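Colleague: Input: one structure, supplied below.
The values are calculated or read from the model by the stated rules, or taken from the named source; none is laboratory data. Keep in mind it's a predicted model, so treat the numbers as computed, not measured. A quick note on method: Cβ atoms are made from the backbone with ideal geometry, for glycine too, and the neighbour counts reach across all protein chains shown. The area values use the complete protein model at the heavy-atom level, side chains included, leaving out ligands, DNA and RNA. Shrake-Rupley method; radii C 1.70, N 1.55, O 1.52, S 1.80 Å.
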Amino acid sequence: MLRFLLAILTVIGTLAVLMGLLWIGQGLGIVMWPASSFMLADKQWAINGAILAGFGLLLIWLGRRGRRG
């Protein structure tokens, strides 16, 4: 059961990192998709994306750390 929860933690962390990177790209105006998005070229979304990606990295680290111990 613990292995399953750690795997879920890692998956959620990976998804958070990917979503955070997308938000960073949209916030900086690098990723202009979808064209009607309110997040495009808005620096606040780049900051939000960096926070989400950092949180995702923390979840991945916790998930991987738990498997070793």
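Colleague: Using a 1.4 Å probe over the heavy atoms of the protein chains, calculate the carbon and sulfur portion of the accessible area of the chain as a whole percent.
Modeller: Here it works out to 74 percent.
Colleague: Could you check the spin-label model distance between residue 19 and residue 4? Points 7 Å from the Cα along Cα→Cβ, value in nm.
Modeller: Each label point lies 7 Å from its Cα, and together they span 2.3 nm.
Colleague: Moving on. Extending each Cα 7 Å along its Cβ direction at residue 57 and residue 36, get the distance between those two points in nm, one decimal.
Modeller: 3.5
Colleague: Is it possible to state the helix-based mean residue ellipticity at 222 nm for the chain, with each DSSP H run of 4+ residues giving -39500 (n - 2.57), the sum divided by total residues, to the nearest 500 deg cm²/dmol? What is it?
Modeller: -27000 deg cm²/dmol
Colleague: Can you work out the accessible area per residue across the chain, with the rest of the protein chains kept in place, probe 1.4 Å, in square angstrom?
Modeller: Counting only protein heavy atoms, the per-residue value for the chain is 70 Å².
Colleague: Check each of the chymotrypsin sites (Phe, Trp or Tyr not before Pro) in the chain and keep only those in coil by DSSP with at most 12 other C-beta atoms within 10 angstrom; list them in order. It would help to have the intermediate numbers written out before the result.
Modeller: Numbers: sites: 4, 23, 38, 45, 55, 61; in loops: 38.
Answer by residue number: 38.
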